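Report on one structure; see the data block that follows.
The values are calculated or read from the model by the stated rules, or taken from the named source; none is laboratory data. From a predicted model like this one, the values you see are computed outputs, not experimental measurements. Neighbour counts run over all protein chains shown; Cβ positions are idealised from the backbone, glycine included.
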Amino acid sequence: MKKLKTVLLTTAALMAVACTSSVNPPASPAGGALETSAKAATVQTVSGPVAGYIDDGVFTFKGIPYAKAERFMPATAPDPWTDVRPSRAYGPTCPQDKRMGWYDDNQAFAMHWDDGFPDEDCLRVNVWTAGLRNGVKRPVMVWLHGGGFRAGSSQEQIGYDGANLARDHGVVVVSLNHRLNVLGFLDLSAYGAKYAQSGNVGMMDIVKALEWVRDNIAAFGGDPDNVTIFGQSGGGGKVSTLMAMPSAKGLFHKAIVQSGSITQLMEPKYSRRIGAKTVEALHLNPTGIDKIAEVPYEQLLAAYNGALAAVREEARQDGALPENFLSALLFGQVPVVDGEVIPAQPATPEALALSKDVPTIIGTTYHEFTRDREDPIFQPLALQQAADRTAAGCAPVYLYLFTWESPVLDGALGSTHCMEIPFVFDNVYLHRTMTGGAQDAVELGHRISRLWTSFAKTGMPESEGIPAWEPYPRRMILNNESTIQ
């Protein structure tokens with residue numbers, strides 16, 4: 001088979017989640033039987049009781065509401081319930097564009113996407129834990145999915161499954177869905193105080209999810225005082241953004257940015273232009289702006305996409321597009337520095353001070369989107385983020401470069417964007433359409449997942465078979481034979 005084209009993935013994927021009986025799963029002669037009785041896995045949350053299931057020793061809960069929200073408004077607490085709520089299947093995903101990769105057989109095969117079903121009522125969390133109310137306080141790892149700020153979900157990749165980390169590594173894994181694209185980041189602040197925060201409600205959703213973790217995770221066997229946020233691509237961008245948000249301070253204690261370092265968000269000058277052009281395209285006027293809540297989603301998204309293209313061209317003519325290729329590509333599609341929700345750009349001293357005490361892991365894959373050379377898109381931003389945090393006297397930064405190359409599709413994937421995810425989650429065999437699932441790769445996944453989970457436990461990434469990881473300016477090269485550079 002001929003090699004795939006040099007560009008492996010499209011830009012659409014660029015930036016391009018109280019036990020009432022026994023507290024441990026009952027012994028089973030099948031050694032992995034599925035237990036679905038509500039009595040076996042029911043937890044009382046602040047909003048009401050939820051019932052999950054037990055799969056091979058892991059208590060699993062999916063689709064739990066953590067908040068509710070009206071269109072363009074900040075999220076609020078979900079409506080409470082009294083009956084036990086079944087929580088065994090993933091909840092709705094945020095509506096979004098078609099995934100261009102659906103029409104590329106190689107991408108569809110390797111990525112193994114599951115895009116679920118869309119609904120604007122999408123604020124849901126999923127939880128994997130090895131025990132409930134048994135006196136153990138496990139570190140918590142909150143996963144933020146990729147897809148930039150306009151696509152993706154907590155279930156889009158099979159590699160996001162948290163069962164192996166929960167079962168074998170002693171952590172509680174949480175993933176989540178939140179509002180994206182026009183629903184999460186349309187800046188309508190020029191139309192009055194009611195919409196003052198509309199350009200950042202997608203990020204505010206994530207803060208609400210972290211508040212849910214703070215208030216509920218102890219009932220799932222997790223420690224609310226030891227929370228690590230981690231994410232890849234757009235998820236890494238969300239981690240970077242959370243570190244610049246006052247409302248998120250104290251809700252997490254460690255952070256991992258995988259191929260998603262962001263140093264520049266939108267400025268109101270241009271985010272408001274996008275909002276205005278979207279409103280104009282919908283033939284609304286300021287006095288009737290509230291009607292935007294009734295516009296069908298497809299019509300709203302089309303207007304937003306047209307506004308993005310127009311304002312991006314205006315910024316190009318103004319000489320205001322960022323010099324970095326990735327920042328320029330994402331122009332108009334990231335949160336806005338509004339002076340309140342996000343007071344300052346992530347790389348400023350003011351923003352860095354908010355997360356000064358947060359240890360971080362920052363890194364990229366070797367190829368990302370180009371098979372024939374080291375990627376120039378993500379690495380400069382990762383290096384800059386590591387340097388900025390170190391210069392500001394922040395907690396240790398651990399820098400990595402993931403260089404392992406997949407044999408799948410005659411090696412055409414290389415060390416592509418997203419390739420490290422199955423290794424981080426210890427899901428190398430589970431996601432073998434991407435990794436091949438060979439024994440040496442599985443063993444590397446064991447080692448890398450131990451790095452991530454030991455960091456979540458202690459702030460020190462350590463793993464047998466991998467050299468001692470010294471902070472930046474040292475860099476860990478992650479491969480079958482890992483080295484310090």
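Values for this structure:
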| item | result |
| --- | --- |
| Residue within the stretch 275-284 that is under 15 Å from Ser198 (Cβ atoms), small (Gly, Ala, Ser) and assigned to a helix (DSSP H, G or I) present | yes |
| Residue in the stretch 360-377 that is farther than 28 Å from Asp105 by Cα, more than 22 Å from the chain's Cα centre (by Cα) and not hydrophobic (A, V, I, L, M, F, W, C) present | no |
| Segments classed as strands (runs of 3 or more DSSP E), wholly inside the stretch 35-130, with at least 1 members that are within 20 Å of Val213 (Cβ to Cβ) and of a type in the set (Val, Ile, Thr) | 42-44, 49-51, 58-65, 124-129 |
| Near pairs, Cβ below 6 angstrom, 6+ apart or cross-chain, from the stretch 236-258 (farther than 13 Å from Val337 by Cα) to any residue that is assigned to a helix (DSSP H, G or I) and of a type in the set (A, V, I, L, M) | Ser247/Val207; Ala248/Val207; Ala248/Leu242; Lys249/Leu354; Leu251/Leu210; Ala255/Val239; Val257/Val239 |
| Which numbered condition Ile64 fails, given (1) crowded, with 17+ Cβ neighbours inside 10 Å; (2) closer than 18 Å to Ser175 by Cβ; (3) out of contact with any helix residue (DSSP H, G or I) (no Cβ under 9 Å at 6 or more places or on another chain); (4) of a type in the set (A, V, I, L, M) | (3) |
| Sole residue being at positive phi and at pLDDT 95 or above, chosen from Gly63, Gly52, Gly31 | Gly63 |
| Check on Thr263, modelled with pLDDT under 95 and either crowded, with 22+ Cβ neighbours inside 10 Å or of a type in the set (Ser, Thr, Tyr) (or both) | yes |
| Per-region count, the stretch 443-471, residues hydrophobic (A, V, I, L, M, F, W, C), in a helix (DSSP H, G or I) and closer than 25 Å to Asp375 by Cα | 4 |
| Every pair of residues 6+ apart whose Cβ atoms lie under 8 Å, when the first sits in the stretch 318-342 and is in a helix (DSSP H, G or I) while the second is polar (S, T, N, Q) | Ser327/Thr263; Ser327/Gln264; Leu329/Thr11 |
| Wholly enclosed helices (runs of 4 or more DSSP H) of the stretch 373-441 bearing at least 2 residues in the same structural domain as Gly152 (by TED's automatic domain parsing) and surrounded by fewer than 18 Cβ atoms within 10 Å (Cβ to Cβ) | 379-391 |
| Counted residues, the stretch 82-130 - those being over 24 Å from Arg179 (Cβ atoms) and touching a helix residue (DSSP H, G or I) at 6+ places or on another chain (Cβ under 9 Å) | 8 |
| Cβ pairs under 7 Å, 6+ apart, first in the stretch 275-299 and in the same structural domain as Glu70 (by TED's automatic domain parsing), second polar (S, T, N, Q) | none |
| Where Thr287 falls short, out of the listed (1) assigned to a helix (DSSP H, G or I); (2) at pLDDT 95 or above; (3) surrounded by fewer than 17 Cβ atoms within 10 Å (Cβ to Cβ) | (2) |
